[in-house]
């Protein structure tokens, strides 16, 4: 296993712990997404401080941000579908575009979108 695989693997394990807490309802969207960012930024900072590893922090941040966003989008859509099945009068929920905007806004700005 090379170094980047090890770092990414550790990150995925840590992030999955946050996912479990989120699914259990102990974190709301903003807490969850901001925690993801803190973990990803911390790993990137480690790479910046250890240039001898030869891993571009920006690439790791991009890959992990995308992986987290994809997981969250799938979870959000599943939640919407489950709610719609329980109550046939419930609209299908927010569009994928809005959900992507919502996640990215919280991730990058630390607050819910207006």
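Nothing in this text is a laboratory measurement; each read-out follows from the coordinates by a stated rule. This is a predicted model, so every value here is computed, not measured. When we count neighbours, we look across all protein chains shown, and the Cβ atoms used for this are built from the backbone with ideal geometry, even at glycine.
Residues of region 65-93 that are touching a helix residue (DSSP H, G or I) at 6+ places or on another chain (Cβ under 7 Å) and outside any helix (DSSP H, G or I): 90, 92, 93.
Residues that are over 16 Å from residue 42 (Cβ atoms), surrounded by 15 or more Cβ atoms within 10 Å (Cβ to Cβ) and over 8 Å from the mean Cα position of the chain (by Cα) within region 59-74 comprise just one, 73. Picking from residues in region 1-32 that are touching a residue at least 40 places away in the same chain (Cβ under 8 Å) and within 28 Å of residue 54 (Cα to Cα), the one that is surrounded by the most Cβ atoms within 10 Å (Cβ to Cβ) is 11.
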